[in-house]
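Engineer: Sharing a structure, written as structure tokens. Questions coming.
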Amino acid sequence: MAATTQFGPVGTTSRTSHVLEILKSAILNGQLEPGEALVEAELAGRLGVSKTPVREALKTLEGTGLVVIRPYTGAIVRVFSDDDAVAIYDMRLLLEPEAVRRSIASGADLTGAADALARAAAAESGSERSMANREFHRALYRHSGNPLLLQTLDGLRDQIALISAGSWARSASWQREAEEHARILEVAQAGDSEGAARLVREHIADFARRHVVPAEHPTPEGGSA
């Protein structure tokens, strides 16, 4: 049970940042499960800190969409409904391919994307792989030239990572996604912005069809699941 698992003590430097990273990793790797109560006093004891950095970390995680804080009842790990997941992937499909196209067309340095791809391949846990994949995608679109577009996509990143981690737990298709990432990077490194955008669109839509969209929903592209 997650409630009996010790996370390990947190260092004294930037306690809130440490607590935030530990809790985020625990959520993304399933150590803290969707719907699980996040009791400040209990988490503080497990982490060896006061309740203040835990409270601040939970507020930050609420802002990224991983935690829900309800007045008088406390915080829980967010549970994504089918509609939530469809909406998130619909937004991603609308925005990310265009951001990638603009970024590659601007001559973006893709060293970060290559590094993230290597970290994902060497990952030993679902949370490590999910975080590396998240960095891979961001490295592709980060030079889109539109700060609002970047901010919007960044706001979806943790939610996408949690959906991906849950999907891999049910059906471990991460190797397929890794192969698609490698092909996207190859095309992007060749400077083919249109081709990279097309592959990113296909990559996102295919993942949504296989893992996100239930049979009664249309896919983000408008077809059937």
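The values are calculated or read from the model by the stated rules, or taken from the named source; none is laboratory data. What you see is a predicted model, and the numbers here were worked out from it, not measured in a lab. Positions of Cβ are backbone-derived with ideal geometry, glycine not excepted, and every protein chain shown enters the neighbour counts. Surface areas here come from the heavy atoms of the whole protein model, side chains and all, with no ligands, DNA or RNA. Shrake-Rupley method; radii C 1.70, N 1.55, O 1.52, S 1.80 Å.
Engineer: Out of the total accessible area of region 48-90 (probe 1.4 Å, heavy atoms of protein only), what percent is carbon and sulfur?
Structural biologist: 52 percent
Engineer: Follow-up question, since we're still on this one. How much accessible area per residue does region 8-162 have, counting only protein heavy atoms and a probe of 1.4 Å, in square angstrom?
Structural biologist: Spelled out: the 1.4 Å probe surface of region 8-162, per residue, equals 46 Å².
Engineer: Another question about this same structure. With the Cα gyration tensor of region 1-157 in hand, convert its eigenvalues to equivalent ellipsoid semi-axes via √(5λ) and list them largest first in whole Å.
Structural biologist: Values for region 1-157, descending: 31, 18, 14 Å.
Engineer: Tell me, what is the 1.4 Å probe accessible area of Thr73, in Å² to the nearest 10?
Structural biologist: The accessible area comes out at roughly 110 Å².
Engineer: When only the heavy atoms of the protein chains count and the probe is 1.4 Å, how do Arg46, Arg119 rank by accessible area, highest first?
Structural biologist: I get Arg119, Arg46, largest accessible area first.
Engineer: From the P(r) of region 56-128, could you give the percentage of C-alpha pairs in the tail past 21 Å?
Structural biologist: The proportion of pairs with Cα distances above 21 Å equals 57 percent.
Engineer: Here's another thing I want to ask about it. May I ask you to list the chymotrypsin sites (Phe, Trp or Tyr not before Pro) in region 45-115 that are in a DSSP loop and have at most 15 other Cβ atoms within 10 Å of their Cβ?
Structural biologist: Numbers: sites: Tyr72, Phe80, Tyr89; in loops: Tyr72, Phe80.
Those satisfying the criteria are Tyr72.
Engineer: Sticking with this one: How do Val79, Val200 stack up against each other in accessible area, from largest to smallest, with a 1.4 angstrom probe?
Structural biologist: Val79, Val200
Engineer: In what order, largest first, do Asp115, Asp84 sit by accessible area if the probe radius is 1.4 Å?
Structural biologist: Per-residue accessible area, sorted high to low, gives Asp115, Asp84.
Engineer: Any chance you could look up the accessible area of Glu194 with a 1.4 Å probe, heavy atoms only, rounded to 10 Å²?
Structural biologist: Approximately 110 Å² for this residue.
Engineer: I've got another one for you. Determine how large the accessible area of Ile163 is when every protein chain is in place; take a 1.4 Å probe and give Å² rounded to the nearest 10.
Structural biologist: My reading of the accessible area for Ile163 is about 20 Å².
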